[in-house]
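Here the structure is laid out as structure tokens; the discussion comes afterwards.
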Amino acid sequence: MMLLEERPRVAIPTVDRLLDVAHLGLDREQPRTYLQEIVDQLADRVGAPFALIDVLLDGAQVFLAAHGPVPAWIAQAGGTPIEWAFCRPFLTDRRPRFVRDLATDPMWRDNPLVTVEGARSYIGVPLISHRGHVMGGLCAVDLAPRDFPAESIATMERLAVEVIDRLESEVGTGS
Amino acid sequence: MAPNTERPTEADALRALAELVGTQTATGMWDLSVRTLGLHRPVESIADLRRVAEHMMVTGDLVRVAGRSLKVRAITYDALSPAGGQP
């Protein structure tokens with residue numbers, strides 16, 4: 001069991017990035033129904049049971065919207081520790097990512113989202129704010145090892161721009 | 001009512017902050033901010049008051065983010081622990 005004080009220093013606590021997160025209010029616990037249609041659309045397009053919009057804080061990822069039944073213990077927290085976040089690599093590498101089988105991937109096979117909840121495949125793109133910071137990711141997860149449709153990345157990159165536009169628009173409207 | 005055109009002072013700022021977070025926390029936050037910026041109390045110039053204000057705003061944002069992170073971590077690791085009961 002990994003204790004709080006033993007957590008690896010996986011997140012680069014870039015102050016400017018976290019201030020951008022805070023400026024957009026992405027750390028706040030609040031419903032964001034205006035994002036739901038995006039994750040619903042993503043799940044439908046790639047044929048996955050789960051689609052998520054996550055934000056990477058300093059020590060955790062939080063979910064802004066989800067398609068699919070998020071386990072109760074994760075829903076209660078509203079996220080997971082950042083070391084479990086499949087989108088965490090976007091903090092250092094902004095290229096879209098795809099993992100066919102998380103259970104055999106050395107980076108993810110011991111992740112509780114894999115070992116406890118059965119996540120097996122992942123595809124994701126980064127969410128990049130207009131200030132140029134990685135806010136988090138837009139991703140889809142399946143419970144079986146699989147490939148994703150060839151056009152998935154292009155679709156997701158288009159949706160990721162829409163996510164950022166909506167989030168930044170909400171700040172502009174003061175909602 | 002005539003507009004208040006008096007310059008803000010450190011005492012004004014501390015009083016306003018104390019109404020929100022209590023005297024002890026307000027004083028502690030103020031002292032730390034002033035010290036971090038290399039200033040000395042009482043902070044008298046408007047420019048320095050503005051620096052303290054901006055420092056507190058940035059710190060507040062980052063504290064909020066860190067607080068949310070810690071809350072997520074505490075709930076999830078507690079749920080995973082043998083005594084946590086979940087999942």
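For chain A, a Gaussian network of Cα nodes joined below 10 Å ranks A:A85, A:A154, A:A140 by mean-square fluctuation, and the top entry is A:A154.
Shape summary of the stretch A:1-132, radius of gyration then Dmax from alpha carbon positions: 14.5, 40 Å.
Please give the direction-averaged projected area of the C-alpha convex hull for the protein assembly as shown, in square nanometres with one decimal. Kindly include the intermediate steps, with their values, before the conclusion.
Numbers: hull surface 69.2 nm².
If I average the Cα hull's projected area over directions, I get 17.3 nm².
Shape analysis of the stretch B:4-70 yields a ratio of the Cα radius of gyration to the Kirkwood radius, Rg/Rh, of 1.00.
Across the stretch A:94-175, Cα-Cα pairs more than 19 Å apart make up 46 percent of the total. The string of couplings for the stretch A:103-109 from the Karplus curve (6.51, -1.76, 1.60, θ = phi - 60°) is 6, 10, 8, x, 6, 10, 5 Hz, one whole number per residue in order, with x for Gly and Pro. Extension gain, B:A74-B:T36: 0.36 nm per intervening residue step, less the Cα-Cα distance, totals 10.7 nm.
None of the figures in this text is laboratory data; all of them are computed from the coordinates on show. In this text the structure is predicted, and so the values were computed from the model without any measurement.
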